[in-house]
1. Return the only residue of Gly9, Gly74 being in contact with a strand residue (DSSP E or B) (Cβ under 8 Å, 6 or more places away or on another chain), on the phi > 0 side of the Ramachandran plot and loosely packed, with under 15 Cβ neighbours inside 10 Å.
2. Considering region 29-54 alone, what residues qualify as being part of a helix (DSSP H, G or I) and either within 11 Å of the chain's Cα centre (by Cα) or farther than 12 Å from Phe5 by Cβ (or both)?
3. Do the conditions hold for Ile3, that is, is it touching a His at 6+ places or on another chain (Cβ under 9 Å) and either at pLDDT 95 or above or surrounded by 12 or more Cβ atoms within 10 Å (Cβ to Cβ) (or both)?
4. I'd like the full set of residues that are assigned to a strand (DSSP E or B), farther than 14 Å from Glu58 by Cα and in contact with a Leu (Cβ under 9 Å, 6 or more places away or on another chain), limited to region 13-28.
Amino acid sequence: MSIKFYHDGMRHLVCVPYSVENLHAMAAELGINRCWFHASKDHPHYDVPKKRMATIGERSTLVRPRQILAIIRGETP
C-alpha cells in the first residue's frame, strides 16, 4: 500500500489513506518524532517543527488547511 503525505504549509501533516496507524508509519518513513503526534479525539495529526517543514514539504503535497480536515474526515484531497 502506498501512503501519500499532505501538509498545509502551517506545520500540519496527514496522510492518505488516513488512519492513526498510517500516520505513525508516515512519521517513521519521514523521520518524524512520535512526540510531534497530536492525539486529539477528533483530529489526530502530526505537527512538524518549522525547521523541518522544508524537508517534509519536499516529500509531501501542499494542500489548503481545510483539505487537512477533509482528509481526516475521510474525504479525498
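The values are calculated or read from the model by the stated rules, or taken from the named source; none is laboratory data. Everything quoted here is computed from the prediction, not taken from an experiment. Cβ placement follows ideal geometry from the backbone for every residue including glycine, while neighbour counts extend to all protein chains displayed.
1. Details: Gly74 fails: in contact with a strand residue (DSSP E or B) (Cβ under 8 Å, 6 or more places away or on another chain).
On inspection, the qualifying residue turns out to be Gly9.
2. Across region 29-54, the qualifying residues are Leu30, Arg34, Cys35, Trp36, Lys50, Lys51, Arg52, Met53, Ala54.
3. Working: touching a His at 6+ places or on another chain (Cβ under 9 Å): no; either at pLDDT 95 or above or surrounded by 12 or more Cβ atoms within 10 Å (Cβ to Cβ) (or both): yes.
The answer is no for Ile3.
4. Of everything in region 13-28, those that are assigned to a strand (DSSP E or B), farther than 14 Å from Glu58 by Cα and in contact with a Leu (Cβ under 9 Å, 6 or more places away or on another chain) turn out to be Val14, Cys15.
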